[in-house]
Amino acid sequence: TGIGIWILCILICLETLRIEAGVSVKSIIGLTSIFGIATGFAVKDLASNWVGGLLLFVTRPFVPGDKIEMTRLKQSVVERIGWYATRVRSDDDRVQVVPNSKFVSNKISNLSRRRHRSIRKSFHLAYEDLPKCGAIVTALREKLKSMPDVDENRRLYVYIKDLRETDVEIEAEVHWRGVS
């Protein structure tokens, strides 16, 4: 009943405007519709960022202090999570304010929650050192295996990857326990 009374009041006001000011009801309804559509477009981003903030608070994919990585966002530490935006600080000490809707629409990697770290590195030796490559690969593999935090349950390899035009390419991959 309350809504019906409001609609009746609005219709009476519109009819009064039409009679007194000569303003067409169709013009008023058209302008109101355009205003409503413009307002809807303006509020869309604001609403999506608030919903993103709500989802961040509920799902907690990261918390302040976590190091994260996202599409078009380098490794950064989360400083503050707000309802509209999140403030992060990159490794090169740049502060960025990221709208929360970006966290909903992009893949987030929380680097602080890793159980291990890994590195894959290629390096190159001159062809003159080709006879020493076997010994270099074996020595590097043994040295990596002897390191205390190397995860022996994960892949560790060192091998000659390619004989290129100008050099020999050796690749190594090793995994460490912990996140430090």
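The values are calculated or read from the model by the stated rules, or taken from the named source; none is laboratory data. Source: prediction; values computed, not measured. Here the Cβ is made from the backbone with ideal geometry for all residues, glycine too, and neighbour counts use every protein chain on show. SASA here: full protein model, heavy atoms, side chains in, ligands and nucleic acids out. Shrake-Rupley method; radii C 1.70, N 1.55, O 1.52, S 1.80 Å.
Observations on the model:
- Selection count where residues are among the polar types (S, T, N, Q) and closer than 22 Å to R114 by Cβ, scope the range 124-171: 1
- Within the range 36-76, being hydroxyl-bearing (S, T, Y) and open to solvent by less than 70 Å² (accessible area, probe 1.4 Å) holds for T39, S48, T71, S76.
- Members of the range 35-76 found to be of a type in the set (S, T, N, Q) and part of a helix (DSSP H, G or I), listed by number: T39, S48, N49, T59
- Residues of the range 77-105 that are open to solvent by 80 Å² or more (accessible area, probe 1.4 Å) and in a strand (DSSP E or B): R80, R87, V97.
- Taken over the range 133-174, the residue count meeting the criterion of being acidic (D, E), touching a helix residue (DSSP H, G or I) at 6+ places or on another chain (Cβ under 9 Å) and open to solvent by 50 Å² or more (accessible area, probe 1.4 Å) is 1.
- For beta carbons closer than 9 Å, sequence separation of 6+ or different chains, a first residue in the range 96-116 that is touching a residue at least 40 places away in the same chain (Cβ under 8 Å) and closer than 17 Å to Q75 by Cβ and a second that is loosely packed, with under 14 Cβ neighbours inside 10 Å and acidic (D, E), the qualifying pairs are I108/E69; S109/E69; N110/E69; L111/E69.
- Taken over the range 106-129, residues that are open to solvent by less than 80 Å² (accessible area, probe 1.4 Å), assigned to a strand (DSSP E or B) and of a type in the set (D, E, K, R) amount to 0.
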